[in-house]
Amino acid sequence: MKRILTIISCLLLLAACKTAPVYNVSNEPVNSVSGQPALSVEQVENVIIGAAIKRGWKPRVVNTGLIEARLDLRQHTAVINISYSPTSYSIQYVDSQNLHYRNGEIHRNYNNWITNLSRDIQLGLWQEANR
């Protein structure tokens, strides 16, 4: 019976550590009005910074159009680049620690973090465009 419980525990642990392909957000559109950008590059930058901070990321503006953000969560670290313009933004994986990155695969929690960040950016862009 002990052996069965040990095997089940090991299987659950392995299932919890599954990896998935790295999720990058590519050219996600920013709201526009009549084909023209609804927001300036500064407004897009401020929305991205706000969304990143809200999710626990530490954003740093590298230059206009590029933000590097770092997330330190327990023993895990993720670093991403967020490139942006008045018409679109992209989120690209840069580096990580303790997220089992290998050959384009990473711990599935990373993808959840990126999905949540992108959703918050989209919501913030919509709210800013409709002020």
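I'm checking my understanding of the structure. Among residues of the stretch 100-127 that are more than 14 Å from the chain's Cα centre (by Cα) and buried (at least 18 other Cβ atoms within 10 Å of the Cβ), which one is farthest from residue 40 (Cα to Cα)? Step by step, filter the stretch 100-127, then rank; the result is 124. Within the stretch 48-65, the set of residues being in a strand (DSSP E or B) and more than 14 Å from the chain's Cα centre (by Cα) comprises 60, 61, 62, 63. Among the residues in the stretch 91-113, are any part of a helix (DSSP H, G or I), touching a residue at least 40 places away in the same chain (Cβ under 8 Å) and among the acidic types (Asp, Glu)? The answer is no; no qualifying residue exists. Is it the case that the stretch 81-88 has a residue that's of a type outside the set (S, T, N, Q), exposed (fewer than 13 other Cβ atoms within 10 Å of the Cβ) and not in a strand (DSSP E or B)? No, there is no match, as no residue in the stretch 81-88 is of a type outside the set (S, T, N, Q), exposed (fewer than 13 other Cβ atoms within 10 Å of the Cβ) and not in a strand (DSSP E or B).
Kindly evaluate residue 68 against the criterion of being free of Cβ contacts under 8 Å to residues at least 40 places away in the same chain, closer than 19 Å to residue 31 by Cα and either surrounded by 14 or more Cβ atoms within 10 Å (Cβ to Cβ) or of a type in the set (S, T, N, Q) (or both).
Values: free of Cβ contacts under 8 Å to residues at least 40 places away in the same chain: yes; closer than 19 Å to residue 31 by Cα: no; either surrounded by 14 or more Cβ atoms within 10 Å (Cβ to Cβ) or of a type in the set (S, T, N, Q) (or both): yes.
Here the answer is no, as residue 68 does not meet what is asked.
Bear in mind these aren't lab numbers, they're just calculated from the coordinates by the rules spelled out. All figures in this text were calculated on a predicted structure; none of them were measured in a lab. Methodologically, a virtual Cβ is constructed for each residue, glycine included, from the backbone with ideal geometry; neighbour enumeration extends over all protein chains shown.
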